[in-house]
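> Here's a structure for you.
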Amino acid sequence: MDLLRHLSYFAAVAEHRHFGDAAASLGITQPPLSQGIQRLERQWGVRLFERNARKVQITDVGVALLAGTHEVLRQADDLGDLASIWTSPRRVRLGLAGDLDGVVVKLVRALVAEGLHVDPTIGGTVDLIERLKDGELDAVVVCHPTVVDGVWAGPVTVMQTCLIGSAPGTGTIALSTVGLPFVVAPRRDHPSVHDQFIDALRRHGHDGSVIEAASALERDAIVAAGGGVRLTLDPTIGRPIREQPLPIRVRTVLPVESNRRPEVDYDKVLGAIDEGLPR
Amino acid sequence: MSTVAQQLRSRARDAGVQAWVCASRLGGPPAHVGLDPDDAVPMASLYKLPLAYFWADQVELGLIDFHDRIALRRTGRAPGPTGISALQDDVDISHRDLVRLMISLSDNAAAEELLTRLGLGPLAAWLDQTQVQSTSVRRGTVESWQIVAQQTGGGPAAMAPGRLADIDSDVETSEYDAALASATSAADMCRLLAGLWESSGAAHEVVRDAMRHQAWRHRIGSGFPHDDVLIAGKTGTLGRLRHEVAVVEYPHEVPIAVAVLTSSARAEIHQPAVDLAIGELARLAVRGLRLPR
């Protein structure tokens, strides 16, 4: 029997508790769905559902087998995804550090302009590098400094920043006059970057207080509410900071050569990323 | 409940360092813990410890009298911030006092003098016949910094530390490569400490006493802020590399050797947060090994 197909029927009925709805969700009619469930029950020698006049109820056995069923279906999906990587060689699974708001779109566009298909993932620097090492990603653009053992790490690009959320105006602002905390990504995402940032704040006259918020949207909202200030890489929406004490430093990290996929043109990826970063 | 290795890995991640740790009880039923304890790591000034241990063995074999005097001229002296390196004029000193300075102050001038007298070759042969498979002393501090200077734009060795501390780039040097620099492993360091602590010569006691009087206690010692706990330690620092190896002696307990080797993501010269993390890594490694004597 086609076990995967029958498992997907089982999962659909368990989810919808209604044969008609389950059939609709699978894009089939009800009779083959009912037959499929019966065939599975006969194959396993168990009853998965109690069918009475009003509703479909999953049995204890059904509940016990459902987790395993979802697991098998999920793994089949993953296998499919993996297979599709091999069929679309220009597909680049790209990781981008979550504190690079303002740069992400440019980077992805630069890669697309080179004819690459990009599967973008946003995450914390340390986690993205772990995922790269695990083979889940092909290239990541992350903040420096961070531990880069077991990977190839490119040169550091230093990008100047401007300040959003301080007193209105367009002129250069001195850090020592900023009384609000800085709204930043969680420390956990990149402990070294975080600690170095606070040290730099204090060195240049800010008291070093920060508010951690997990998403760029959340950080924007806090700044908009007047709860803090933040850095931006976009000079058109922020004020320059005197002495430029808070640059964002990034590097592209790739797997070590022996772990790279032959289908990916890593040189092209590196070149496109370099093009896409503001200076 | 996480394992010690998991706790160590998690603390290292939090501190922004890659860490290699080994702790081993020097007595009682054998017990040890570690995090990548067998990986080869460039050792920075930790080489002064096997050098001192080799010296002590030579003394106990009757090949050196540790009362013998050594003259260190003021010219051609190895540079450094401490000990004879920091002095301006000629010095006349005994062998054992030289070792005292090399270990308790990480005195570069003292180390260069001893390394020249004992020889890299004989040191390597001595290391070969100990249990330490991953330890190679390839050069002294002076040559190390000269290499770093050459590889980072040339000029005098004094420029090298500043170059490694550049936060806007990832400065590379072969002195960060365990295959090319003097290197050791955390487990090897614990083995050396175990051997040193078992040795019964007067010269070995000179080395142990020097370690007990290391002039700073901010690394491993920061994990044991107790006035009655002795930390007999030796630090090693070069650029991103911040290490310490020590024997921790709680009163009336079996001594425990602990080695914490780290490489930090940040390049700055002053990193108190890493020093504190080293203390905590040592504390996490040691606590499960404590045993009353």
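Where a number appears in this text, it was derived from the coordinates with a stated rule and is not lab data. All of these numbers come straight from a predicted model, not from anything done at the bench. A quick note on method: Cβ atoms are made from the backbone with ideal geometry, for glycine too, and the neighbour counts reach across all protein chains shown.
> If the cut-off is 13 Å between C-alpha atoms, which aspartates and glutamates fall inside it for B:Lys48, apart from same-chain ones fewer than 8 positions away?
Candidates past the 8-residue exclusion: B:Asp107, B:Glu112, B:Glu113, B:Glu244.
> Ok, one more. Quick one: work out the % antiparallel among DSSP beta bridges in the protein assembly as shown, nearest 5. Intermediate values should be presented prior to the final figure.
Details: 56 of 71 bridges.
Roughly 80 percent of the beta bridges in the protein assembly as shown run antiparallel, per DSSP.
> Can you pull a Stokes-Einstein diffusion coefficient for the protein assembly as shown at 10 °C (1.306 mPa s), Rh from Kirkwood over Cα pairs, as a whole number of µm²/s?
Details: Rh = 27.9 Å.
D = 57 µm²/s.
> Here's a follow-up. Under 1.5 on a/c is rounded, so check that first for segment A:13-78, then, if it is not, pick prolate when a/b is larger than b/c and oblate when it is not; a ≥ b ≥ c are the square roots of the alpha carbon gyration tensor eigenvalues.
Working: a/c = 1.56, a/b = 1.15, b/c = 1.35.
Oblate.
> Given a Förster distance of 45 angstrom, what is the FRET efficiency for B:Arg138 paired with A:Thr121, based on the Cβ-Cβ distance and rounded to 0.05? If you can, show how the numbers build up before the last one.
Working: r = 42 Å, r/R0 = 0.94.
FRET efficiency, B:Arg138 to A:Thr121: 0.60.
> Return the average number of partner chain Cβ atoms within 10 angstrom of each residue Cβ along peptide B:271-281.
On the way: counts 4, 0, 5, 2, 0, 0, 0, 0, 0, 0, 0.
Taking all residues of B:271-281 together, the mean is 1.
> Right, something else. With only alpha-carbon atoms counted, please give the Rg and Dmax of segment B:1-150, in Å.
Values for segment B:1-150 (Cα only, Rg and Dmax): 18.3, 58 Å.
> Also: Can you give the calculated 222 nm mean residue ellipticity of chain A, where each DSSP H run of n ≥ 4 adds -39,500 (n - 2.57) and the sum is split over every residue, rounded to the nearest 500 deg cm²/dmol?
Details: 9 runs with 117 residues, N = 279.
That comes out to -13500 deg cm²/dmol.
> What distance in nm separates the simple spin-label points at B:Ala158 and A:Arg109, each placed 7 Å from Cα in the Cβ direction?
Between B:Ala158 and A:Arg109, the label points sit 5.1 nm apart.
> Here is a follow-up. Hey, in the GNM for chain A with a 10 angstrom Cα cutoff, which one of A:Leu132, A:Leu201, A:Leu73 fluctuates hardest?
Evaluated over chain A, the most mobile residue of the options is A:Leu73.
> Which residue, A:Val264, A:Val256, A:Val63, has the most motion in a Gaussian network model of chain A that connects Cα atoms within less than 10 Å?
Looking only at A:Val264, A:Val256, A:Val63, the biggest GNM fluctuation is shown by A:Val63.
> Same structure again: Go ahead and estimate [θ] at 222 nm for chain B from helices alone: -39,500 (n - 2.57) per DSSP H run with n ≥ 4, summed, over the residue count, rounded to 500. Write out the running numbers ahead of the final one.
Working: 10 runs with 111 residues, N = 293.
Helix-only estimate at 222 nm: -11500 deg cm²/dmol.
> Can I ask one more? Between B:Ala157, B:Ala40, B:Ala232, where does the largest GNM mean-square fluctuation fall for chain B, given springs only between Cα atoms within less than 10 Å?
Highest fluctuation of the listed residues: B:Ala157.
> Could you list B:Lys234, A:Lys106 in order of exposure, starting from the residue whose Cβ has the fewest other Cβ atoms within 10 Å?
On the way: B:Lys234 26, A:Lys106 17.
In increasing order of surrounding Cβ atoms, one gets A:Lys106, B:Lys234.
> Contour minus end-to-end for A:Glu257 and A:Leu270, with contour as 0.36 nm per residue of separation and end-to-end as the Cα-Cα distance? Mind dumping the intermediate values first?
Numbers: separation 13, 0.36 × 13 = 4.68 nm, distance 1.40 nm.
That pair, A:Glu257 and A:Leu270, stretches by 3.3 nm at full extension.
> Let me ask something else about it. Using a 10 Å cut-off around each Cβ, can you sort A:Val46, B:Val254 from fewest to most neighbouring Cβ atoms?
On the way: A:Val46 14, B:Val254 17.
Result, fewest neighbours first: A:Val46, B:Val254.
> Ordered by residue, what ³J(HN,Hα) values in Hz, to whole numbers, does segment B:41-58 give under the Karplus form 6.51 cos²θ - 1.76 cosθ + 1.60, where θ = phi - 60° and Gly and Pro are x?
9, x, 9, 6, 6, 4, 4, 5, 6, x, 4, 5, 5, 4, 3, 4, 4, 4
> For peptide A:190-196, how many partner chain Cβ atoms fall within 10 Å of a residue's Cβ, on average?
Values: counts 2, 8, 12, 3, 1, 8, 8.
What the average comes to for A:190-196 is 6.
> What order, most packed first, do the peptides B:99-111, A:180-192 have when packing is the mean number of other Cβ atoms within 10 Å of each residue?
Values: B:99-111: 25.5, A:180-192: 21.5.
Ranking the peptides B:99-111, A:180-192 by packing returns B:99-111, A:180-192.
> For B:Glu205, A:Glu71, what's the fewest-to-most ordering of other Cβ within 10 Å of each Cβ?
Values: B:Glu205 14, A:Glu71 10.
The most exposed by this proxy come first: A:Glu71, B:Glu205.
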